[in-house]
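**Q** Next up is a structure, given as structure tokens.
Just so you know, all these numbers are worked out from the coordinates, no wet-lab data involved. What you see is a predicted model, and the numbers here were worked out from it, not measured in a lab. Here the Cβ positions follow ideal geometry from the backbone for every residue, glycine too, while neighbour counts run over all protein chains shown.
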């Protein structure tokens, strides 16, 4: 369906990749992986035609419809949610608008009516609209909106009143409604809760077209994609399996490459020894020159560097008491503009014990983040009591924590300001562990990506040893490799953890208890995340 042959892309003196080959077949679901900045988004732009390769060729079947969901939603204003989503349906939406216009004229008793040519055109459009399933378009849009967690009572709200995260959902809904032959999706699970991710996974599983996706959610990508393409170290490399297969196969291929390089180096050393020994002998001149020409033509095998990942470990400040948090009839309500109150939850009781690694779950808006704010004393409860135990030292990470960073400071200055007693060497080592080495530490906060800001905040938490970590979506904006480093550090952490995350792989490999908030109440599951899922499904 789509074929990229011997593609090369370079920006200035930096080559993103060369001799790149990508083939997308009908119905394939492909995971596009690689470190941030390696060129994954560039691959998408080459496929869509937004960028042209410096070398190579892009071919695709005539008439192929491509839908591209990116993290840049652009301007979104002037329409209501449902109408905005319907406008993404392409040709079928345009036909519907034209039919509506003609039908309005047909029903206007004072109007000029339609000419014979217009009536013929109306019949043709109506047949095409029916063939494209246009009469089900609005129902399909409503199903997608509900699946992505956008409630029915918000469908007639102006899109400009929504936050960036909700606009991303609206933009994703538009692409899904388009129902293209090839779907390119860049980080579709960002800003989605677990329930919406599960719905999207089901939708994509039943999607008949081809999918190429990037995702920092390992479980989401592994469950969907049966083929993996790595963009790294100046190359595009295909693997005929899912993400788990890719991880194993990449190690095997690297070991094979190391062996090939070792054999090549031994061969070159032997040839160079021959040349050095007989270079001065006229009787061997022809052989020497022949071997020189031969080794000059040999392309040296190079081993690509391993991608940098952050190095992370949390040092426990000191052991806390056995009882870390005690919640008794805890309730929280936020004030409405009209003076009334919106109850988030009430009557919550429970105990967090030292060593617990608790996943806090619930649908978007259930009150997960609010509960963490109450526990960490970011806000007061409206009723009941929440008490921290003896010697509890809290480290709190919010998905909005990076908002407190000073955009005018450099990364080094920001961390140094928070750690006035730390030496320059300590701060540089700390930042180096989070991939901010050399000149990177002098970057201004204002130019940092979401992932870089998250790493700065994690560095600040690490620098102040704690025994109770409260984490609200700590994996947002982190790539898979960084998520796995964070997961390993949290598994080794000797203290207590409460975490909100939409990354199911993360929760499955970390939690030993689950607190679910549902309809203002909290239910406690005395088991890991798999146990929680089995109970939820009735098993």
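**Q** May I ask you to compute the full-extension gain from residue 58 to residue 268, defined as 0.36 nm times their residue separation minus their alpha-carbon distance, rounded to one decimal in nm?
**A** 71.8 nm
**Q** Here are several values of Kirkwood radius over Cα pairs in Å: (i) 25.5; (ii) 27.2; (iii) 24.8. Which one was derived from the coordinates shown?
**A** (ii)
**Q** Could you pull the Rg and Dmax for the range 323-536, using just the Cα atoms, both in Å?
**A** Final numbers for Rg and Dmax: 18.1, 54 Å.
**Q** Quote to one decimal, in nm, the extra length available between residue 133 and residue 103 on full extension: 0.36 nm per residue of separation minus the C-alpha distance between them. Spell out each step's value before the answer.
**A** Numbers: separation 30, 0.36 × 30 = 10.80 nm, distance 1.85 nm.
So the extension gain works out to 9.0 nm.
**Q** Where does each of 87, 398 land when they are ranked from fewest to most other beta-carbon atoms within 10 angstrom?
**A** Details: 87 15, 398 20.
Listing 87, 398 from fewest to most nearby Cβ atoms yields 87, 398.
**Q** Once the cut-off is 12 Å, how many percent of the Cα-Cα pairs in the range 246-297 end up in the long-distance tail? Walk me through the numbers before you get to the answer.
**A** Working: 910 of 1326 pairs.
Tail of the P(r) past 12 Å holds 69 percent of the pairs.
**Q** As a footprinting exposure proxy, order 246, 396 by other Cβ within 10 Å, with the fewest listed first.
**A** Starting with the residue having the fewest Cβ neighbours, the order is 396, 246.
**Q** Further question on the same structure: With the Cα gyration tensor of the range 276-369 in hand, give its eigenvalues times 5 under a square root as the equivalent ellipsoid semi-axes, listed largest first in whole angstrom.
**A** Output for the range 276-369: semi-axes of 76, 22, 10 Å.
**Q** For the range 320-411, what size does the Cα cloud have along each of its three principal axes, sorted from largest down, in whole Å?
**A** Each principal axis gives a Cα extent; for the range 320-411 these are 43, 43, 23 Å.
**Q** Ranking 225, 386 by Cβ neighbours within 10 Å, fewest first, what do you get? Spell out each step's value before the answer.
**A** On the way: 225 24, 386 18.
If I rank by nearby Cβ atoms, fewest first, I get 386, 225.
**Q** May I pose another question? Enumerate the residues in the range 440-472 having an amide nitrogen under 11 Å from the point lying 7 Å beyond the Cα of residue 306 toward its Cβ.
**A** From the range 440-472, the list is empty.
**Q** Another one. In whole Å, what is the distance between the alpha-carbon centres of the range 122-149 and the range 53-101?
**A** Here the two parts' Cα centres lie 15 Å apart.
**Q** Let me ask something additional. Can you work out the FRET efficiency for the pair residue 329 and residue 406, with r the C-beta to C-beta distance and R0 = 45 Å, to the nearest 0.05? If you can, show how the numbers build up before the last one.
**A** Details: r = 40 Å, r/R0 = 0.88.
E between residue 329 and residue 406, to the nearest 0.05, is 0.70.
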